2 protein chains.
Amino acid sequence: MELVNVKELFRKESDYIGKEVTIGGWIRSNRDTKTFGFLVVNDGTFFEPLQVVYSDKLHNFSAISKISVGAAVIVTGVVTATPNTKQNFEIQAIGIEVEGDSQIDYPLQKKRHSFEYLRTISHLRPRTNTFQAVFRVRSMIAYAIHKFFQERDFVYVHTPIITGSDCEGAGEMFQVTTMDLNHIPKTEDNKVDFSDDFFNKPTSLTVSGQLNGETFAMAFKNIYTFGPTFRAENSNTTRHAAEFWMIEPEIAFADLKDDMVLAESMLKYVINYVLENAPEEMEFFNQFVDKGLIDRLKHVTSSAFGHVTYTQAIEILEKHNDEFEYKVSWGCDLQTEHERYLTEKEFGRPVFVTDYPKEIKAFYMKLNEDGKTVAAMDCLVPGIGEIIGGSQREDDYDKLVSRMQELDLNIKDYEFYLDLRKYGSARHAGFGLGFERCVMYLTGMGNIRDVIPFPRTVNNCEL
Amino acid sequence: MELVNVKELFRKESDYIGKEVTIGGWIRSNRDTKTFGFLVVNDGTFFEPLQVVYSDKLHNFSAISKISVGAAVIVTGVVTATPNTKQNFEIQAIGIEVEGDSQIDYPLQKKRHSFEYLRTISHLRPRTNTFQAVFRVRSMIAYAIHKFFQERDFVYVHTPIITGSDCEGAGEMFQVTTMDLNHIPKTEDNKVDFSDDFFNKPTSLTVSGQLNGETFAMAFKNIYTFGPTFRAENSNTTRHAAEFWMIEPEIAFADLKDDMVLAESMLKYVINYVLENAPEEMEFFNQFVDKGLIDRLKHVTSSAFGHVTYTQAIEILEKHNDEFEYKVSWGCDLQTEHERYLTEKEFGRPVFVTDYPKEIKAFYMKLNEDGKTVAAMDCLVPGIGEIIGGSQREDDYDKLVSRMQELDLNIKDYEFYLDLRKYGSARHAGFGLGFERCVMYLTGMGNIRDVIPFPRTVNNCEL
């Protein structure tokens, strides 16, 4: 079938006025009088629906006038200018075929449904306005990220999903096995015998591709990952999912400053891309989901991000300890309430907090000259808190080994990682961007479950 | 640091001649006389290495002349034209700093290493010529695929990795659990008690995002997935990995013919993109990995793919049964030897085989009018065999249910999928492209382990 996308009609309107086209789509509403009717049709390629006018000259007028919401139709008609109305054109139908009818119990009747309810029908919710907008913008953000890095000659690396190492020491990992759970084989001393398991050892789902990514950065200079990561954390919040996607660039011959420049330009690039390519969706979010969203994002793209050291941040926050549930003092981890205070109240724009105490950061971060803090950075944004976490990596073999020993890590597990410091070590840095947090930030959606097509959270793995 | 990528120097050569630049990279070779020396430096952004000339005017001449292969250096110098040599320019060094030395036991000395050996050092092999080429091209192919679909307004969908359903009935799946394998909780009747598991039920790693993808195609019309998929198959071949990436587009208001048009244009687009953007790498593959590769790929982009029905294909193959290990007859599955015969000997170009017996294809494929075959297609390419498998989907509720009953599938598990046939069903089709097979096809690499950064196969889950 030669179908035209509705997006094409809207974006290249003047090319189509007066022409006959055929489109396929789903009915959002249908109202008729005795001699003519109006279909509102959405084909999923464009946010705004298309109006189709039909009359009793159609041989199947009576069938069409009864067709229900949700049905699939193929419409052939003439694109006709409609000045002085909300939309500049409509389709005057020459023929309408019913491709697939919709049952009377179709759950998405023309009324507002709660996000909670829509989560129970994740296979149908992308047909609603909100989720059309969310998932198209999600797709665009993903592409904008690839585009940003590829235009800068970064190599995209698929780091492994199944891993034999627990390298971030993140603890809460999902195990992966092919053993029969009913009959777990045991060794003589009654431990799990992994010799019959698929990989011949315990394996789990990755929590980060960073360490693998570093090996590629030491070969390609600039690389990025973009893949799923997993946390088996039993936390039921609006910001945590068990399965989420992460972007982890890694740059060699680069320090923490370069890392922040990269993070800032990436965020600005992505925001600009979405504002430019999804104006209808962004307008919708701005109006119905998060008032002020567009102004806020535009403000971000046009202002320089703030910079503050952890130590300075603590000084700022300590003055407001009475406003916080968790009181801060030097050495403590920042909670979301503190992060949001800094970015929303203190700076009013995204801000990088740098140079955290080494005790609250990972072993691989580069020790600063003070011996107490590491060259880490978190990027905080209004409405979300931390959206990016990164650092310069310890590139000195001896310092890295001694830090690992302090933390009782098994050096043998990290030989590949130490090799990078033995053979042509170079200063390097990187960060992780939580993809879903980025989608939330750009759409104003408040619950991570509503920006993931089929979310996985504790006790929830539907479809 | 303001470093210039070596790629930039090569691609915009004339802008840089006579200018001073700083680059960071790793030493591939170093040879010196008493008064000057040559470094070959690769910074990972470009396939061809850069020649750096240094002289005893450098304050650290003697240190530099001893620096070993693999070391990281930062070179500042003047880009100088070198007519009548292989490369058009070199860098005449003003200063060279050692960023990180390399130990004497560096495994990648300047000699040829076997792919088998390099697989044992997957963290270092991307520093070799072959794997620089493989993984840069892999990255470009991934991007070209995104670009192809995004330019056509397809929505990129992240279908879930952890799944509660065994929807393809693919059998060999990896289980995902947070239970203590040493103490699997049991119910009263001595079965595994999943009530304490993270998702409160058995879960595993996805083998395909298709069924989820279809739900989005019925909302967005045209979608694609691009994510990791898993098979716990105990097969030790050069073409199978336990973890691999797959691209699964799904198009609504489209039939098998549209599906093949899409597959063919996608493959041609990707080939053209890589030939255009990685000419040095492709030349390398053509010369050292797979002679004739470039001609073959160019031939593919300029010729129409062949089309043959399964029934016709069997007729062709039966005449050559004496040449095959597995003899063919109507109803049998095609083996790689048959696929390659068809595409290499019979057609000499990629070919679509269509309309397979329903018995050897999945339940969701649309039944043809003959009642015996389904609207399926496999795309076979020379050197590989099947690279794409797709079909038009059964969009008729009753036919789908009756096929599922024939196959004893549990209808209740597929309610979401059947809903798509109840509410605005539309003809639709899609296919799956094995990403790694695509990389093998475009690079000529013969083993799937050599196109995956950190391959996972039976008994192998390193790094």
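The values are calculated or read from the model by the stated rules, or taken from the named source; none is laboratory data. If you're wondering where the values come from, they're calculated on a predicted model, not measured in any experiment. Every residue, glycine among them, receives a Cβ derived from its backbone with ideal geometry; neighbour counts consider all protein chains shown. To get the accessible areas, we keep the full protein, side chains included, count just its heavy atoms, and leave off ligands, DNA and RNA. Shrake-Rupley method; radii C 1.70, N 1.55, O 1.52, S 1.80 Å.
Every residue, every condition in (1) facing chain A (nearest Cβ under 9 Å); (2) within 32 Å of the chain's Cα centre (by Cα), yes or no:
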residue: B:Gln175; (1), (2): yes, yes
residue: B:Thr178; (1), (2): yes, yes
residue: B:Asn182; (1), (2): yes, no
residue: B:Lys186; (1), (2): yes, no
residue: B:Asn190; (1), (2): yes, no
residue: B:Asp193; (1), (2): no, no
residue: B:Phe198; (1), (2): yes, yes
residue: B:Thr203; (1), (2): yes, yes
residue: B:Val207; (1), (2): no, yes
Hits in the range B:88-103 (condition: open to solvent by 30 Å² or more (accessible area, probe 1.4 Å), farther than 16 Å from B:Val21 by Cα and assigned to a strand (DSSP E or B)): B:Val98, B:Glu99
Residue list for the range A:281-293, restricted to those being open to solvent by 40 Å² or more (accessible area, probe 1.4 Å) and either of a type in the set (D, E, K, R) or not in a helix (DSSP H, G or I) (or both): A:Glu283, A:Lys291
Options A:Thr76, A:Thr85; residue that is β-branched (Val, Ile, Thr), more than 10 Å from chain B (Cβ to nearest Cβ), without any contact (Cβ under 8 Å) to a residue 60 or more places away in the chain and open to solvent by 70 Å² or more (accessible area, probe 1.4 Å): A:Thr85
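Out of curiosity, is B:Gly434 touching a Lys or Arg at 6+ places or on another chain (Cβ under 7 Å) and under 30 Å from A:Phe226 (Cα atoms)? So that I can check it myself, show each step before the final result.
Working: touching a Lys or Arg at 6+ places or on another chain (Cβ under 7 Å): no; under 30 Å from A:Phe226 (Cα atoms): yes.
For B:Gly434, the condition - touching a Lys or Arg at 6+ places or on another chain (Cβ under 7 Å) and under 30 Å from A:Phe226 (Cα atoms) - is not met.
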Hey, A:Leu418 in the same structural domain as A:Cys379 (by the TED database), open to solvent by less than 50 Å² (accessible area, probe 1.4 Å) and within 33 Å of the chain's Cα centre (by Cα) or not: yes
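Just to be sure, is A:Lys361 in the same structural domain as A:Arg421 (by the TED database) and within 23 Å of A:Asn447 (Cα to Cα)?
Values: in the same structural domain as A:Arg421 (by the TED database): yes; within 23 Å of A:Asn447 (Cα to Cα): no.
It is false that A:Lys361 is in the same structural domain as A:Arg421 (by the TED database) and within 23 Å of A:Asn447 (Cα to Cα).
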Residue in the range A:21-40 that is closer than 20 Å to A:Ala133 by Cα, open to solvent by 40 Å² or more (accessible area, probe 1.4 Å) and away from chain B (no Cβ under 14 Å) present: no
Condition met for A:Tyr106 (at the interface with chain B (Cβ under 7 Å from one of its Cβ atoms), open to solvent by 10 Å² or more (accessible area, probe 1.4 Å), at negative phi and assigned to a helix (DSSP H, G or I)): no
Cβ-Cβ under 6 Å pairs, at least 6 apart or on other chains, the range B:249-276 side outside the structural domain of B:Tyr224 (by the TED database), far side outside any helix (DSSP H, G or I) and surrounded by 19 or more Cβ atoms within 10 Å (Cβ to Cβ): none
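Test B:Leu108 against the stated conditions and say whether it is over 16 Å from B:Val274 (Cα atoms), of a type outside the set (Ser, Thr, Tyr) and modelled with pLDDT of 95 or more.
Details: over 16 Å from B:Val274 (Cα atoms): yes; of a type outside the set (Ser, Thr, Tyr): yes; modelled with pLDDT of 95 or more: no.
So B:Leu108 does not fit the description; no.
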Residue check for B:Leu433: under 32 Å from the mean Cα position of the chain (by Cα) and away from chain A (no Cβ under 11 Å): yes
Residue check, B:Gly390 open to solvent by less than 40 Å² (accessible area, probe 1.4 Å), at positive phi and touching a Phe, Trp or Tyr at 6+ places or on another chain (Cβ under 6 Å): no
Residue satisfying condition, being farther than 30 Å from B:Arg136 by Cα and either modelled with pLDDT of 95 or more or not β-branched (Val, Ile, Thr) (or both), within set A:Asn212, A:Asn190, A:Asn222: A:Asn190
Qualifying residue in the range B:403-416 (condition: touching a residue at least 60 places away in the same chain (Cβ under 8 Å) and polar (S, T, N, Q)): no
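In the range A:1-16, what residues are under 14 Å from A:Thr76 (Cα atoms) and surrounded by 14 or more Cβ atoms within 10 Å (Cβ to Cβ)? It would help to see each step written out before you state the result.
Taking the range A:1-16 first, the residues under 14 Å from A:Thr76 (Cα atoms) are A:1-6, A:9, A:16.
The answer is A:Leu3, A:Val4, A:Asn5, A:Val6, A:Leu9, A:Tyr16.
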Strands (runs of 3 or more DSSP E) lying entirely in the range A:153-262 (those with 3 or more residues that are surrounded by fewer than 24 Cβ atoms within 10 Å (Cβ to Cβ) and in contact with a strand residue (DSSP E or B) (Cβ under 7 Å, 6 or more places away or on another chain)): A:222-230, A:243-252
Number of the exception - B:Phe115 against (1) surrounded by 23 or more Cβ atoms within 10 Å (Cβ to Cβ); (2) touching a residue at least 24 places away in the same chain (Cβ under 8 Å); (3) more than 8 Å from chain A (Cβ to nearest Cβ): (1)
Any hit, the range A:123-132, residues being among the aromatic types (Phe, Trp, Tyr) and either outside any loop (DSSP other than H, G, I, E, B) or more than 10 Å from chain B (Cβ to nearest Cβ) (or both): yes
Members of the range B:294-330 that are open to solvent by less than 30 Å² (accessible area, probe 1.4 Å) and in contact with a Pro (Cβ under 8 Å, 6 or more places away or on another chain): B:Val300, B:Phe305, B:Gly306, B:Tyr310
Residue in the range A:135-155 that is under 21 Å from A:Gly24 (Cβ atoms), in contact (Cβ under 8 Å) with a residue 60 or more places away in the chain and of a type in the set (Gly, Ala, Ser) present: no
